[in-house]
1. Taking the options 34, 66, name whichever one is modelled with pLDDT of 95 or more and either of a type in the set (A, V, I, L, M, F, W, C) or part of a loop (DSSP other than H, G, I, E, B) (or both).
2. For the range 13-50, enumerate the residues that are surrounded by fewer than 17 Cβ atoms within 10 Å (Cβ to Cβ) and aromatic (Phe, Trp, Tyr).
3. Assess whether residue 3 counts as being under 11 Å from the mean Cα position of the chain (by Cα), within 19 Å of residue 61 (Cα to Cα) and part of a loop (DSSP other than H, G, I, E, B).
4. If I ask for residues that are closer than 13 Å to residue 2 by Cβ and not in a helix (DSSP H, G or I), which ones from the range 37-57 would you list?
5. Among (1) in contact with a strand residue (DSSP E or B) (Cβ under 6 Å, 6 or more places away or on another chain); (2) of a type outside the set (D, E, K, R); (3) open to solvent by 100 Å² or more (accessible area, probe 1.4 Å), where does residue 10 come up short?
6. Got at least one residue in the range 52-66 being in contact with a strand residue (DSSP E or B) (Cβ under 8 Å, 6 or more places away or on another chain) and among the hydroxyl-bearing types (Ser, Thr, Tyr)?
Amino acid sequence: MILTAVLLPAPEGGFTALNPETGSTSQGDTVEEALANLREATELFVEEFPLLVSGQPLVTTFELAAHA
């Protein structure tokens, strides 16, 4: 099963990781650690709440105008 991971730099350092399909989140000091922790959290979630994935996610970006 291929799922999505969104990693954001955490204000205190390291990264916060989010899986939008399940809503599970985790963190880590490095990208690799954050992904490993997110994988573990998501596996535990899916064991309790089976997930039916319908198609591949589409991930994109969008821009907001900067305000002075």
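1. Only one candidate passes the filter, namely 34.
2. 45, 49
3. yes
4. Matches in the range 37-57: 51, 53, 54, 55, 56, 57.
5. (3)
6. No, that holds for no residue.
The values are calculated or read from the model by the stated rules, or taken from the named source; none is laboratory data. All values reported here derive from a predicted model rather than from experimental measurement. Don't worry about glycine lacking a Cβ; one is built from the backbone with ideal geometry, like all the others, and counts go over all protein chains shown. Ligands, DNA and RNA are stripped out before the accessible areas are found, and what is left, the full protein with its side chains, is counted by its heavy atoms. Shrake-Rupley method; radii C 1.70, N 1.55, O 1.52, S 1.80 Å.
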